[in-house]
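K.L.:
Below are the structure tokens for one structure; questions will follow.
The values are calculated or read from the model by the stated rules, or taken from the named source; none is laboratory data. All values derive from a computational prediction rather than experimental measurement. Cβ placement follows ideal geometry from the backbone for every residue including glycine, while neighbour counts extend to all protein chains displayed.
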Amino acid sequence: MQHLIDILDLSTTEIDALIATAKDIIADPAKYAEKCRGKKLATLFYEPSTRTRLSFEAAMYELGGNVLGFSEAQSSSASKGESVADTAKIISCYADIIAMRHYKEGAPLVASLNASVPVINAGDGGHNHPTQTLADLLTISREKGRLSDLTVGFCGDLKFGRTVHSLLNAMVRYENVRFVLISPEELEIPGYLRQELVKKGVGFQETQSLEDAMPSLDILYMTRVQRERFFNEADYIRLKDSYVLTPEKLVSAKADMNILHPLPRVNEISVRVDDDPRACYFKQALNGKYIRMALILKLLDIA
Ligand code: CP
């Protein structure tokens, strides 16, 4: 039985196969409409979500399966003190596969060690968000036709942004990918990730200037400053508008640069950018449904 807790649980061969399946689903959805008939997905969300939970649920419905679950800890027995380990054992009696989001880093791992069905990490604290990474990779693959030979700029909250951590870990494994890390000093990537980049000999540059970085980028990955992870509201208010992408700032960008954002956005991308053909963030959210369909099929071992 395979779980997905960290993007590194998947080899690049497995990621490429998931992307191929997602593209086949997009081309011929009818072929997949009955694949999960009789199967149930449980979505256990201890932290708010729009895209991840609902795209998982839409994915299972489009595969012919059913869904059950909760969208906040308060409506589950977690509010009475039930542990993640016990919850995972119980839900294994009711569902064939579990997608879990939790505010505590490592909670989906604990669930996977106690469940008797596959567990998918749907985001754990400031740590990882592997299915968002799969959606990001499918988007880059569809837009660029490759996952190698790219300069990828990450901009914003690189400290707490779990989607950044997962995508960095995934993309270092593709050839000739280099990174430009754009953030205020307080929101730089965690030290352990920087050490990994150095250890692997990956090309990267850290800067505070989006304007300086812009002309070199093939992909610009914007992120929200993660208010919920700050200990101090004053720090959040000081940093929240560090970067605001506008059409004016895009003048120096490549004509075929792609703008990604895991969403939700607050102020970091002006709505005036939405009609720019380089803006991919709404397509990225749709791709999230297709790649989660592919992942459910893989983890349930359905061909
Ligand atoms: N990208 C993402 O994880 O969005 P949600 O928080 O809405 O699920």
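K.L.:
Assess whether S79 counts as being away from the ligand (no atom under 16 Å from the Cβ), free of Cβ contacts under 8 Å to residues at least 24 places away in the same chain and hydroxyl-bearing (S, T, Y).
P.N.:
So S79 passes the test.
K.L.:
Let me ask you something else. Is it fair to say M100 is closer than 23 Å to A33 by Cα and touching a residue at least 24 places away in the same chain (Cβ under 8 Å)?
P.N.:
It is false that M100 is closer than 23 Å to A33 by Cα and touching a residue at least 24 places away in the same chain (Cβ under 8 Å).
Conditions (1) more than 16 Å from the ligand (Cβ to nearest atom); (2) in contact with a Lys or Arg (Cβ under 6 Å, 6 or more places away or on another chain); (3) of a type in the set (S, T, Y), marked per residue:
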| residue | (1), (2), (3) |
| --- | --- |
| F70 | no, no, no |
| S75 | yes, no, yes |
| T87 | yes, no, yes |
| I91 | yes, no, no |
| P130 | no, no, no |
| T133 | no, no, yes |
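K.L.:
May I pose another question? For the range 104-120, state whether one or more residues are farther than 27 Å from E206 by Cβ, free of Cβ contacts under 8 Å to residues at least 40 places away in the same chain and assigned by TED's automatic domain parsing to the domain that holds I259.
P.N.:
no
K.L.:
On to the next question. Restricting to the range 49-64, what's the tally of residues that are away from the ligand (no atom under 15 Å from the Cβ), touching a residue at least 40 places away in the same chain (Cβ under 8 Å) and either more than 21 Å from the chain's Cα centre (by Cα) or not in a helix (DSSP H, G or I) (or both)?
P.N.:
Residues that pass the stated criteria total 1.
K.L.:
Still on this model: Filter the range 208-227 for residues that are of a type outside the set (A, V, I, L, M) and touching a Gly at 6+ places or on another chain (Cβ under 9 Å) and give the result.
P.N.:
If the condition is that a residue be of a type outside the set (A, V, I, L, M) and touching a Gly at 6+ places or on another chain (Cβ under 9 Å), then S216, D218, Y221, T223, R224, Q226 are the ones that fit.
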